[in-house]
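The values are calculated or read from the model by the stated rules, or taken from the named source; none is laboratory data. Predicted model only: the values in this text are computed from it and were never measured. Here the Cβ positions follow ideal geometry from the backbone for every residue, glycine too, while neighbour counts run over all protein chains shown.
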């Protein structure tokens, strides 16, 4: 198989992607207790059915990664994080809408 | 290498208190944080500000830097460390080399000694390498068809003397067809190297699709605003519509106004569940340029009882 795949394998994190609490903590160098606090405060919302282990999908992985960097770089504390994350997502949605509406009127 | 005036970068006076330095850093970090900022050069500015803060936030490191700065160096000047310059034990807190990835050679030459004292280095336990996170901006055509993007990243390494140096690294990333805006791509094993035989971490890339001349991207769906003539809007009919895979014919129902949305199923970004392309109609009214064209508008006016402002009466 010489040189057939020259590039490292790229994998899209899609609907099927999920991480356990432990895996998510390992990936982001995060204490499990802090992540549990974040889940309670609405930073991330794991998929869970009763009695089952928490699973975090791609969007939640992104939110938690973002929360880590906002905490580290800007000193945001837990109560501020869900608000900022929600507003950032909202801003993205509104930007898309503005772009589309601009095309209609320009 | 260039001398860096860390005070200038943070916009503070060389006599600023530690508190003022922290406040200035926080303010600039908010402005340029790549996850929050919409400034064009946010990522580079954020790194620069972070490096300046790293040098100035620790009073011992700051004192070492001040000593050098006071000997007459200024921003942008060609810099070589004075003979006999060492970190002098100024940095009591060791760094992991990953923490310094992307910092300038100037920083490494000032504080590069004794950096090998990071906590993770002290143990003999097998430890996996850290993940790396980066962003990649692609155009819609690449998202639609897939492609290869060359990323230039930097990682920090120790040389034989235990000094940190920045090693540029190029990675060719295959962008899978159908990746959506905001989605993440994982490249297993392309993160930081592991310790004591531990496996390397992964590289995660967050994809941004550049704004396109024609299409707006909503998840896997594409939105296209399509100009049509008033008679096309009134009479309906088949008109050609661009899609990323080429032109298709689309049927427009009679009596379509501006803002009407039509769907071309499966014409969005490819994937297990391909997205759709939505066509938003925009009626464009041509000027009546000839006498005959005017006449036809006049005839239509006489013939029609249409009142576009019917809902406004009595207001």
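Within the stretch A:47-56, being within 24 Å of residue B:191 (Cβ to Cβ) and surrounded by fewer than 19 Cβ atoms within 10 Å (Cβ to Cβ) holds for one residue alone: A:55. Can you name the number of the only condition in (1) within 30 Å of residue B:181 (Cα to Cα); (2) away from chain A (no Cβ under 14 Å); (3) loosely packed, with under 15 Cβ neighbours inside 10 Å that residue B:296 fails? Going through the list (1) within 30 Å of residue B:181 (Cα to Cα); (2) away from chain A (no Cβ under 14 Å); (3) loosely packed, with under 15 Cβ neighbours inside 10 Å, residue B:296 breaks only (1). Confirm whether residue B:173 is in a loop (DSSP other than H, G, I, E, B) and modelled with pLDDT of 90 or more. Against the criterion (in a loop (DSSP other than H, G, I, E, B) and modelled with pLDDT of 90 or more), residue B:173 does not qualify.
Please enumerate the residues belonging to the stretch B:195-222 that are within 19 Å of residue B:134 (Cα to Cα) and either facing another protein chain (nearest Cβ under 10 Å) or in contact with a strand residue (DSSP E or B) (Cβ under 8 Å, 6 or more places away or on another chain) (or both).
Within the stretch B:195-222, the first condition is being within 19 Å of residue B:134 (Cα to Cα), and the residues that meet it are B:200-210.
If the condition is that a residue be within 19 Å of residue B:134 (Cα to Cα) and either facing another protein chain (nearest Cβ under 10 Å) or in contact with a strand residue (DSSP E or B) (Cβ under 8 Å, 6 or more places away or on another chain) (or both), then B:201, B:202, B:203, B:204, B:205, B:206, B:207, B:208, B:209, B:210 are the ones that fit.
Of all residues in the stretch B:119-141, which are more than 13 Å from chain A (Cβ to nearest Cβ), modelled with pLDDT under 90 and assigned to a loop (DSSP other than H, G, I, E, B)? Passing the criteria: B:123, B:124, B:125, B:126. Taking into account only those residues within the stretch A:72-84 that are modelled with pLDDT of 95 or more and either in a helix (DSSP H, G or I) or surrounded by 22 or more Cβ atoms within 10 Å (Cβ to Cβ) (or both), which is nearest to the other protein chains (Cβ to nearest Cβ)? Result: A:84.
So which of B:62, B:26, B:45, B:30 ends up being in a helix (DSSP H, G or I) and more than 28 Å from residue A:67 (Cβ to Cβ)? Reasoning before the result, please.
Details: B:26 fails: more than 28 Å from residue A:67 (Cβ to Cβ); B:45 fails: more than 28 Å from residue A:67 (Cβ to Cβ); B:30 fails: more than 28 Å from residue A:67 (Cβ to Cβ).
One residue alone meets the criteria, B:62.
Scanning the stretch B:269-291 turns up no residue that is assigned to a strand (DSSP E or B), within 50 Å of the chain's Cα centre (by Cα), free of Cβ contacts under 8 Å to residues at least 40 places away in the same chain and not assigned by TED's automatic domain parsing to the domain that holds residue B:178.
Here are B:279, B:284: which of them is touching a helix residue (DSSP H, G or I) at 6+ places or on another chain (Cβ under 9 Å), within 14 Å of chain A (Cβ to nearest Cβ) and either over 26 Å from residue A:103 (Cα atoms) or surrounded by 10 or more Cβ atoms within 10 Å (Cβ to Cβ) (or both)? Show your work before the answer.
Numbers: B:279 fails: touching a helix residue (DSSP H, G or I) at 6+ places or on another chain (Cβ under 9 Å).
Every option except B:284 fails the conditions.
The condition (being surrounded by 15 or more Cβ atoms within 10 Å (Cβ to Cβ) and either under 29 Å from residue B:271 (Cβ atoms) or touching a strand residue (DSSP E or B) at 6+ places or on another chain (Cβ under 8 Å) (or both)) is satisfied by just one residue among A:60, A:97: A:60.
Limited to the stretch B:185-217, what total is found for residues that are touching a residue at least 60 places away in the same chain (Cβ under 8 Å), part of a loop (DSSP other than H, G, I, E, B) and under 24 Å from residue B:43 (Cα atoms)? I'd like the intermediate steps shown before the answer.
Quick first cut of the stretch B:185-217, residues touching a residue at least 60 places away in the same chain (Cβ under 8 Å) only: B:191-210, B:212, B:215, B:217.
Narrowing the set further to residues that are part of a loop (DSSP other than H, G, I, E, B) leaves B:191-194, B:196-202, B:210, B:212.
The next check asks that each one be under 24 Å from residue B:43 (Cα atoms); those that pass are B:191-193, B:201-202, B:210, B:212.
Residues meeting the conditions: 7.
Scanning the stretch B:173-184 for residues being touching a residue at least 24 places away in the same chain (Cβ under 8 Å) and in contact with a helix residue (DSSP H, G or I) (Cβ under 8 Å, 6 or more places away or on another chain) gives a total of 8.
Residue A:59 - would you say it is closer than 30 Å to residue B:227 by Cβ and either within 14 Å of chain B (Cβ to nearest Cβ) or modelled with pLDDT of 95 or more (or both)? Walk me through how you get there before you give the answer.
On the way: closer than 30 Å to residue B:227 by Cβ: no; either within 14 Å of chain B (Cβ to nearest Cβ) or modelled with pLDDT of 95 or more (or both): yes.
Answer is no for this residue.
Here are some residues: A:37, A:33, A:90. Which one is within 14 Å of chain B (Cβ to nearest Cβ), surrounded by fewer than 17 Cβ atoms within 10 Å (Cβ to Cβ) and either in contact with a helix residue (DSSP H, G or I) (Cβ under 6 Å, 6 or more places away or on another chain) or not in a loop (DSSP other than H, G, I, E, B) (or both)? A:90 is the lone residue from the list that is within 14 Å of chain B (Cβ to nearest Cβ), surrounded by fewer than 17 Cβ atoms within 10 Å (Cβ to Cβ) and either in contact with a helix residue (DSSP H, G or I) (Cβ under 6 Å, 6 or more places away or on another chain) or not in a loop (DSSP other than H, G, I, E, B) (or both).
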